[in-house]
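The values are calculated or read from the model by the stated rules, or taken from the named source; none is laboratory data. All of these numbers come straight from a predicted model, not from anything done at the bench. Here Cβ is always computed from backbone atoms with ideal geometry, including for glycine, and neighbour counts include all displayed protein chains. Note: accessible area is taken over every heavy atom of the protein model, side chains too, but ligands, DNA and RNA are not part of it. Shrake-Rupley method; radii C 1.70, N 1.55, O 1.52, S 1.80 Å.
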Amino acid sequence: MVRDQTEGKGGRALVVGILNVTPDSFSDGGRYLDVDAAVARARRMVSEGADWIDVGGESTRPGAPPVDAEEECRRVLPVIAAIAELAPVSVDTRKAVVAARALAVGARIINDVSAMDDPEMPAVSADADAIVLMHMRGTPATMTRLTDYDDVVTEVRDHLLRRAERARAPQVWLDPGIGFAKTAAQSLALLRGLPDLVATGYPVMVGASRKSFIGATLGLPDPADRLPGSLAAAAAACMAGARALRVHDVRPTRQVVEMMAAIAAARP
Ligand code: HH2
């Protein structure tokens, strides 16, 4: 179970390494389409301290074109089968059929950025060790227009709590969906308001790595320049009690989570 690891290492947050097997992801698109390159990347992330690898075959960046289930499976299944022995693997998908096939070849966790829009996903989640439910609105094609909230922190939390009731996995994680149908200001507000999500009692994942709200805040158009901002977000998420961080830069994030755990454990 993912929870055993979470609680067994001095309270530090888990580091989830991102492996996008896509031609068009916003930060690493096109780099790991080849199975051997993807496996080498996974090995490297594990050696740098990743606790769990998140494999995705469909980019969800704003405006990304949808990918059909066959193509998504063709991208992710060989990679998942090849790395399932290395570390716990999640499949980052909105499609129940892809999730089911990924579980069959060795994935243990479903990471669903639509928090189970697919009506078959709750049933499939019964076969997983855990499911991550992330908040978004609309689709990657429409989400940038769907940013009207009265109170983004409360609305995101309440939506995720409603979806969590349907999940059948033994463990359910919540994720506020930084950057998904959120302005930069709303993404910052969600990080600031993270204790509200943590207070639900569900383990919380945060994916802030290299995202555009960091670029907007610091004036950095190139995602490759956003590591310091990503680490600041990681530290803020740890302070608020997040239990997992989904990141591109495993080694430096692992240092952040260990440092934050050491500070939290220090005697005043
Ligand atoms: N963000 C992305 C994808 N999946 N899953 C969770 N649980 N939380 C997130 O914040 C999250 C996610 C988007 O980032 P990335 O995978 O790097 O890019 P792309 O969607 O372009 O593949």
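Would segment 85-93 turn up any residue that is closer than 20 Å to Ala181 by Cβ and out of contact with any His (no Cβ under 6 Å at 6 or more places or on another chain)? Show your work before the answer.
Taking segment 85-93 and keeping what is closer than 20 Å to Ala181 by Cβ, we get 92-93.
Those still in the list that are out of contact with any His (no Cβ under 6 Å at 6 or more places or on another chain) too: 92-93.
Checked segment 85-93: at least one residue is closer than 20 Å to Ala181 by Cβ and out of contact with any His (no Cβ under 6 Å at 6 or more places or on another chain).
Take segment 38-64 and flag every residue that is free of Cβ contacts under 8 Å to residues at least 40 places away in the same chain, within 16 Å of the ligand (Cβ to nearest atom) and not charged (D, E, K, R).
Ile53
Looking at Val198, is it modelled with pLDDT of 95 or more, crowded, with 19+ Cβ neighbours inside 10 Å, under 24 Å from Ile110 (Cβ atoms) and aliphatic (A, V, I, L, M)?
On the way: modelled with pLDDT of 95 or more: yes; crowded, with 19+ Cβ neighbours inside 10 Å: no; under 24 Å from Ile110 (Cβ atoms): yes; aliphatic (A, V, I, L, M): yes.
Taking the combined requirement at face value, the residue does not satisfy it.
Being of a type in the set (A, V, I, L, M, F, W, C) and within 16 Å of the ligand (Cβ to nearest atom) is the filter here; which residues of segment 66-92 pass it?
The initial filter retains those residues of segment 66-92 that are of a type in the set (A, V, I, L, M, F, W, C), namely 67, 69, 73, 76-77, 79-84, 86-87, 89, 91.
Passing the criteria: Val67, Val76, Val79, Ile80, Val89, Val91.
Conditions tested, residue by residue: (1) within 16 Å of the ligand (Cβ to nearest atom); (2) among the hydrophobic types (A, V, I, L, M, F, W, C); (3) modelled with pLDDT of 95 or more; (4) under 23 Å from Asn20 (Cα atoms).
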| residue | (1), (2), (3), (4) |
| --- | --- |
| Leu190 | yes, yes, yes, no |
| Gly219 | no, no, yes, no |
| Leu227 | yes, yes, yes, yes |
| Ala234 | yes, yes, yes, yes |
| Ala240 | yes, yes, yes, no |
| Val250 | yes, yes, yes, yes |
| Thr253 | yes, no, yes, yes |
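Just give me the residues in segment 135-163 being within 14 Å of the ligand (Cβ to nearest atom) and open to solvent by less than 20 Å² (accessible area, probe 1.4 Å), in sequence order.
His135, Met136, Pro140, Met143, Val156, Leu160
Would you point out the residue of segment 1-41, among those that are of a type in the set (Val, Ile, Thr) and at pLDDT 85 or above, that is most open to solvent (accessible area, probe 1.4 Å)?
Filtering segment 1-41 down to residues of a type in the set (Val, Ile, Thr) leaves 2, 6, 15-16, 18, 21-22, 35, 39.
Still in the running and at pLDDT 85 or above: 15-16, 18, 21-22, 35, 39.
On the way: Val15: 0, Val16: 1, Ile18: 2, Val21: 0, Thr22: 0, Val35: 52, Val39: 24 Å².
Among them, the one singled out is Val35.
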